[in-house]
Each structure stands twice: as C-alpha cells, then as structure tokens.
C-alpha cells in the first residue's frame with residue numbers, strides 16, 4: 001500500500017472556496033473566515049491575482065478540528081482572536097514580515113506546545129497565548145518591545161522563556177504559570 005508524501009499533502013494549498021475574504025483598499029486580500037473542515041490548512045499567497053496579506057479578526061476562531069496551519073510568506077498581519085479556541089492546533093508558522101500578534105490571537109489553543117516568533121514581530125497583544133496549557137517553549141526575538149497584559153497567563157506548562165532586555169511586560173503577562181514569581 002502506497003502512502004502519500006506528507007510534504008506534498010502539507011504543501012497543497014487549501015481551496016479558495018473554503019475562505020471568505022475581502023479586498024482591502026490597497027488591493028491586497030484579507031482572509032475573513034474559514035468555512036472548510038480540513039485539519040491542515042495552507043493559506044494561499046494569492047487569491048484572484050491579489051496578494052493575501054492579512055488574517056482577519058476571528059478568521060479561524062473556534063475551528064476546533066484544525067491541527068496545523070501554514071501561512072504564506074505574503075501574510076504580514078494576524079488579527080485579534082484569529083485562531084482563538086482552535087483547541088486541536090499543534091502547529092503554525094508565523095512568517096517573517098508579521099509585526100504584531102493580535103490580542104487573544106492564540107488564546108485557548110490547548111494543544112499548541114511550541115511556537116517561534118519571527119524577528120519582524122515587535123508586539124504581542126493582550127492574552128495572545130492565554131490558556132495555551134501545553135505551551136512549553138516559546139522563542140522571542142530581540143525585536144519584541146511590548147508583551148501585552150496576560151499574554152502568557154494560564155500557560156501551565158511554560159517553564160522557561162528568554163525575553164529581550166528592553167521589552168515592556170504588561171501586567172500579569174505570566175500569571176498562573178510556573179514563571180509567575182519571576183515576573184511579579
């Protein structure tokens with residue numbers, strides 16, 4: 001029995017029909033919502049010949065069967081609550097070029113165990129990773145200047161993090177984590 005090549009499966013772009021999207025004033029596309037049921041989603045670089053540059057607020061919120069998402073390198077913005085409550089999400093790439101991670105963007109992604117933040121990100125929004133109870137490892141670049149209130153609150157498994165010296169840390173950013181006492 002022949003099995004499909006996993007790299008070919010993961011690189012297959014999700015059909016455009018599975019997205020609701022808008023053309024922005026600058027001629028680029030924002031993904032507004034996802035209406036498919038794929039476990040692995042690959043965001044296309046273009047829709048109708050226009051560059052996909054942003055994931056809108058709540059675009060994938062409550063997609064509880066979603067396990068991985070691959071964002072095209074054209075994405076520079078990830079909105080508030082974009083992946084909130086994607087309880088099965090274990091893998092996501094954040095492309096270089098994204099500057100801000102919206103508030104509550106990955107909140108309640110209970111199976112997300114690690115994530116790498118690219119050098120382009122300067123700010124992590126309020127409660128961005130709140131209640132990501134499996135999050136053990138996060139790599140923050142020196143470019144981070146602000147970590148929002150409660151950004152990592154209730155990340156029960158988070159035991160180590162290296163922060164840039166100049167980062168402004170919001171109130172309760174590490175509440176109810178093994179790191180809480182270190183940041184009081």
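The values are calculated or read from the model by the stated rules, or taken from the named source; none is laboratory data. Quick caveat: nothing in here was measured; it's all calculated off a predicted structure. Virtual Cβ from ideal backbone geometry, glycine too; neighbours counted across all protein chains shown.
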Problem - Single condition residue 63 does not satisfy, out of (1) crowded, with 23+ Cβ neighbours inside 10 Å; (2) in contact with a strand residue (DSSP E or B) (Cβ under 8 Å, 6 or more places away or on another chain); (3) within 21 Å of residue 150 (Cα to Cα) - result: (3)
Completion exercise
Residue set 84, 104; condition at pLDDT 95 or above and at positive phi; output residue 104
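Can you pull out the residues in the stretch 25-51 that are more than 20 Å from residue 84 (Cβ to Cβ) and surrounded by 14 or more Cβ atoms within 10 Å (Cβ to Cβ)? If you could, list the steps in order and put the result at the bottom.
First, pick out the residues of the stretch 25-51 that are more than 20 Å from residue 84 (Cβ to Cβ): 25-29, 42, 44-51.
Selection gives 28, 29, 42, 44, 45, 46, 47, 50, 51.
Considering every residue within the stretch 142-165, establish whether at least one is assigned to a loop (DSSP other than H, G, I, E, B), in contact with a helix residue (DSSP H, G or I) (Cβ under 7 Å, 6 or more places away or on another chain) and either at pLDDT 95 or above or crowded, with 17+ Cβ neighbours inside 10 Å (or both). Before you say what the answer is, go through the steps one by one.
Taking the stretch 142-165 first, the residues assigned to a loop (DSSP other than H, G, I, E, B) are 142-145, 148-165.
Filter once more, so that each one left must be in contact with a helix residue (DSSP H, G or I) (Cβ under 7 Å, 6 or more places away or on another chain): none.
No: zero hits.
Among the residues of the stretch 117-137, what is the count of those that are buried (at least 20 other Cβ atoms within 10 Å of the Cβ) and modelled with pLDDT under 95?
Just the residues of the stretch 117-137 that are buried (at least 20 other Cβ atoms within 10 Å of the Cβ), to begin with: 121, 124-132, 135.
With modelled with pLDDT under 95 added as a condition, the list becomes 135.
Residues that pass the stated criteria total 1.
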Fill in the blank from the handout: Residues of the stretch 93-116 being under 20 Å from residue 156 (Cβ atoms), buried (at least 18 other Cβ atoms within 10 Å of the Cβ) and either touching a residue at least 40 places away in the same chain (Cβ under 8 Å) or touching a strand residue (DSSP E or B) at 6+ places or on another chain (Cβ under 7 Å) (or both), in sequence order, are 105, 115
